[in-house]
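Only one structure is covered here, and it is reproduced in the block below.
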Amino acid sequence: MEAMEELKFVGKPTPRIDQQEKVLGAARYVDDLDFGPNLLHAQVVESSLAHARIKKIDTSEAEKLPGVVKVVTGKDFPYHFGLYMQDRHIFAQDKVRFAGEQVAAVIARDLATAKRAAKRVKIIYEPLPAILDPREAVKKDATLIHPELGAYSHVPWFFPKPGSNIAHWRKVRKGDTIQGFAEADLIFADTYRVPRYAHCSIELHGAIGLCDHSGRITVWAASQSPHTQRHIFAQALAPLGFTHQNLRVITPYVGGGFGGKAGVTMEILAAALPTLVKGYPIKIHWTREQEFYNTYQRPALVGTLKMGVKKDGTITAFDYLIHWDAGAYVEYGANVVNASGLSATGPYRIPNVRIDALCVYTNLPPGGPYRGFGYPELLFGVESHTTRMAQQLGMDVVAFKRKNAIREGDKLPYGAPMTPNGLTECIDRVVKTIEWGKKEEHSDPNKAIGKGFAIFWKAPAMPPNAASSAFLKFNEDASVNLLISAVEIGQGVLTAMAQIAAEILTVPPEKIRVESPDTDRNPYEWQTVASHVAWGTGNAVKRAAIDAREQIFEAVHHACFLEKDALYLEDEAVKCRTQPGFALLLKEIVINGIMVEDGTYRGGPIMGRGTFMPRFTSAMGDPDTGQGGHPCVHYTVGAAALTLEVDKQTGRMKVLKAVEAIDAGKAINPQIVKDQICGGLLQGLGTVLYEDMRFDESGKLLNPNFTDYKLPTAMDIPDEVIPIIVETPQADGPFGARGIAEHPTIPAAPMVANAVCDAVGVRVKSMPVTAEKVGLALAAGQTEVE
Amino acid sequence: MKKTITLTLNGDARSVDVETTETLLAVLRNKLGVKSPKCGCDQGECGACTVLLNGKSVRSCLIFSVEVDGQEVVTLEGLSHNGPTPLQQAFIDRSAFQCGYCAPGVILSATELLTVNPHPTQTEVQEAIAGNLCRCTGYESLIEAILAASRE
């Protein structure tokens, strides 16, 4: 493996190659693209109710308004779509299932007209009972949200229960939990609650679609998933005769994703609507309010966790019953339930495991992927609970967690062996940096200081055949255009991929342009999700660069009669181990080839290709036990701790110091990894200290704006954040790398809850852990908050 | 109702016909071709649309375009006529931005800060960009870059 060799570009804090464009005002996002005077605008008509039968839609008044081009309803597009389960329609058909769902759309010459006309569309509903609580939704007499569940097509690793609101039930059974609890000296159970959250990328969702007069559709979208979007559009519009061949998705820079722009949500409208108005580009752009209620939301859960431990701290049994409020459509969200359910133990070695993760339909907006993909939600319970069990045993919390921490080769909940990881190194470095065990007193008697600690893991959640690919072409000056379809959503993928290509080709990263996706021109990428592109796309890029290098060596071999094995690249030149004086500059040969004695040429334009698809994964575990498959490619692990100040009168909290260590395998760019840790940690702290979605009794979102849904500002950051990179190589990763971008969010919530308890003795069992909850508990003398 | 306004935009004299209800943000983006001010909320909560109006930072989504008639507006595009400003160079050197959507607003807020207070404390930097939401960076790299520029 080349990770052991001396590296020139990989592992260095190379400046981001997108930075000049972003700082100088050159970067273009989808809303910045111009489409000329024929651009039309679409405005959706939304459901005012969370659950209702549509009795009648009257579009006549809207159609009369001058400037309206067309009013579209579910009758125009009676087609299903969805990523993992096709349970959505382009527009609501006979029923609406969440407040804000699109029922119709107005296409007009300008947005103001579209908005005025949308208000004139009259919809008559017959209200149905709205179910907002997943534990109510699974009761026998509950109203069915999807009576058609049995007819939906879905991936083979989902197990829906038709005739109920359970869209998928992930079961994991390992060992014998009855025996495991019998062996325990201490058994403890409790229930933890996590509400819904919003991604809040600063860029809103937006897409422009054009169906040209030849019948070809192009969609420009702020998307994490251009190829997957094309595929879903092709599936949904197949009845109209569209296939992949006449669909194209273009994605420029994306202003933040966090999972919210993965899969397909509102973009389906930008693919469908133009088929009715050929030749006119149609723009559809969400407002901040719509961004909150009609894209994916991070799903909520109620989880009851029971654990058994021996006196010496050994965990003997684990039972986690999780009811996910997955929302009205679970075409993506069911895989959050599935993937996180398989690993719901957290990074512990536990012989006897029972996990029931239920994906439950509710009449709230669709749940879907959000940075962490279910792990932050599940580990809030696990990392609160393991802390409490250690305390009940009288053991040091870190010692307890370290003792049970999973190691390479240990059996995972679904039976496969744990992959190489530096979990104990992460624990040890965090503990040392936070000075665990050193009690700190506040100079102000009204304030207390507590410390909180948590460990975490996460595996990429992907279909077993999720693939990546790369094209690489040289230019005359030996600069390179690298074509991938991983999307720059802020995580630094363009720079990291340039570094990988640079390492192989000895062309510096600043001479490598990495091109944003256009499905017509850039090669296939499954999606920019799951923290997998550093690993998967990185492998494809490395192979493309090696392919290009081989072509260069082949040309030199034929032109100069040098053995290929003796050739190597250095400083943008081909050199030869057996002929020290030999050097051919890349810029002299990568387009024009090499002239030989008779004046003819060898070689020619160099173009590399590389693909990567994991070949050892399988989703075919047993439905009743989860055993037998190999659903996860690897795990990224870490540990984190913080020091928290709590005001004993108001509950107000301040993070004084936060430390987070993550095992990156090999940090392709250590500065980018550290910046991911700082940013991800604050996003996680937002979910525990400030944010949560509030719905009224009818299922309507009450706080779809930044005044009522509080994001952390520059005033809300910890006094000090110390990111730590651990590097236990990933054997099949590019230079040993694995992904780290989602993981920094995961430990934030439990470590705050643990620190609050350490500081003032209040155990908050529901997120968020707000000053209000802590302050009220302290005033009432409560030690637990449900 | 329509009105013709004139303004100095990034140093150029510009004239444009606007509806009196149109925001400065909409006119800049849709009628004057200046795309760096971003629409993140259209209600003054996120700061992505920040521009400098007569040198002071304002949210262009909260200002009617008719209000800037005869005045001077600077957007991110207007800062680097003579190459990146020292502040912009500091952001580039630090690789401070991730997705970059908040960058135009953050850079203009910080530009205003360093103009009125060339050597701010860290808290003053935090206060100056507290109205610019960033979901990616955790603000650490932004604060570091602004402080680095202030030490130049």
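In terms of accessible area, using a 1.4 Å probe and ignoring ligands and nucleic acids, A:D31, B:D42 rank largest first as B:D42, A:D31. What separates the Cα centres of segment B:37-90 and segment A:605-670 is a distance of 38 Å.
For chain A, DSSP calls about 75 percent of its internal beta bridges antiparallel. The tail of the calculated P(r) for the protein assembly as shown, taken as Cα-Cα distances beyond 40 Å, holds 41 percent of the pairs. Taking only the Cα atoms of segment B:2-77, the radius of gyration and Dmax are 10.9, 30 Å. For segment A:628-711, GluC sites (Glu not before Pro) meeting the loop criterion (DSSP other than H, G, I, E, B) and having at most 14 other Cβ atoms within 10 Å: A:E697.
How many angstrom lie between the C-alpha centres of segment A:243-290 and segment A:165-228? Between the Cα centre of segment A:243-290 and that of segment A:165-228, the gap is 20 Å.
3J(HN,Hα) couplings calculated from phi for segment A:356-366 with the Karplus curve 6.51 cos²θ - 1.76 cosθ + 1.60 (θ = phi - 60°) are, in sequence order, 10, 10, 9, 8, 10, 5, 9, 8, 10, x, x Hz; Gly and Pro show x. Under the simplified labelling scheme, the A:K64-A:R609 pair shows an inter-label distance of 6.0 nm, with each label point 7 Å from Cα along Cα→Cβ.
Using the structure shown, list the pairs from A:K22/A:K654; A:K403/A:K773; A:K278/B:K3; A:K115/B:K38; A:K95/A:K261; A:K161/A:K700 with a Cα-Cα distance above 30 Å, or answer none. In this structure, A:K22/A:K654; A:K403/A:K773; A:K278/B:K3 exceed 30 Å between Cα atoms. A probe of 1.4 angstrom, applied to the heavy atoms of all protein chains, finds A:I722 with accessible area near 40 square angstrom. Here is the list for segment A:720-770: GluC sites (Glu not before Pro) lying in DSSP coil, each with at most 16 other C-beta atoms within 10 angstrom of its C-beta, are A:E720. In the structure shown, the pairs A:K56/B:K2; A:K587/A:K666; A:K174/A:K458 are assessed against 29 Å; a Cα-Cα span above that value is assigned to A:K56/B:K2; A:K587/A:K666. Diffusion of segment B:86-150 by Stokes-Einstein, at 4 °C in a medium of 1.567 mPa s and with Rh set to the Kirkwood radius over alpha-carbon pairs, works out to 114 µm²/s. For segment A:85-101, 3J(HN,Hα) computed residue by residue from phi via the Karplus equation (6.51, -1.76, 1.60; θ = phi - 60°) reads 8, 8, 10, 10, 10, 4, 10, 3, 9, 7, 9, 10, 10, 7, 6, x, 5 Hz, glycine and proline entered as x. Interface of A with B. Using a 1.4 Å probe and counting protein heavy atoms only, the two chains hide about 3800 Å² of accessible surface, both sides summed.
Using the Cβ-Cβ distance between B:D12 and A:T143 with R0 set to 41 Å, the FRET efficiency works out to roughly 0.10.
Distances between placed amide hydrogens fall under 5 Å for A:T316 paired with A:G308, A:V309, A:K310, all partners being 5 or more residues away or on another chain. The residues of the protein assembly as shown present an accessible area of 35 Å² per residue when probed at 1.4 Å with all protein chains retained. With all projection directions averaged, the alpha carbon convex hull of segment A:503-571 covers 6.2 nm². Based on DSSP H segments of at least four residues, each scored -39500 (n - 2.57), chain B has a per-residue ellipticity at 222 nm of -9000 deg cm²/dmol. Taking all protein chains together, B:S80, B:S65, A:S153 sort by accessible area into A:S153, B:S80, B:S65, largest first [probe 1.4 Å]. Of the trypsin sites (Lys or Arg not before Pro) found in segment A:690-786, those in coil by DSSP whose Cβ has at most 15 other Cβ atoms within 10 Å are A:R694.
Directionally averaged projected area (segment A:119-224, Cα convex hull): 14.6 nm².
For the pair A:K8 and B:D69, label points projected 7 Å from Cα toward Cβ lie 6.2 nm apart.
The values are calculated or read from the model by the stated rules, or taken from the named source; none is laboratory data. As the structure is a prediction and not an experimental result, all values here were calculated from the model. No Cβ is skipped: glycine too gets one built from the backbone with ideal geometry, and neighbour counts run over all protein chains shown. In case anyone asks, the SASA skips ligands and DNA or RNA and just uses the protein heavy atoms, side chains included. Shrake-Rupley method; radii C 1.70, N 1.55, O 1.52, S 1.80 Å.
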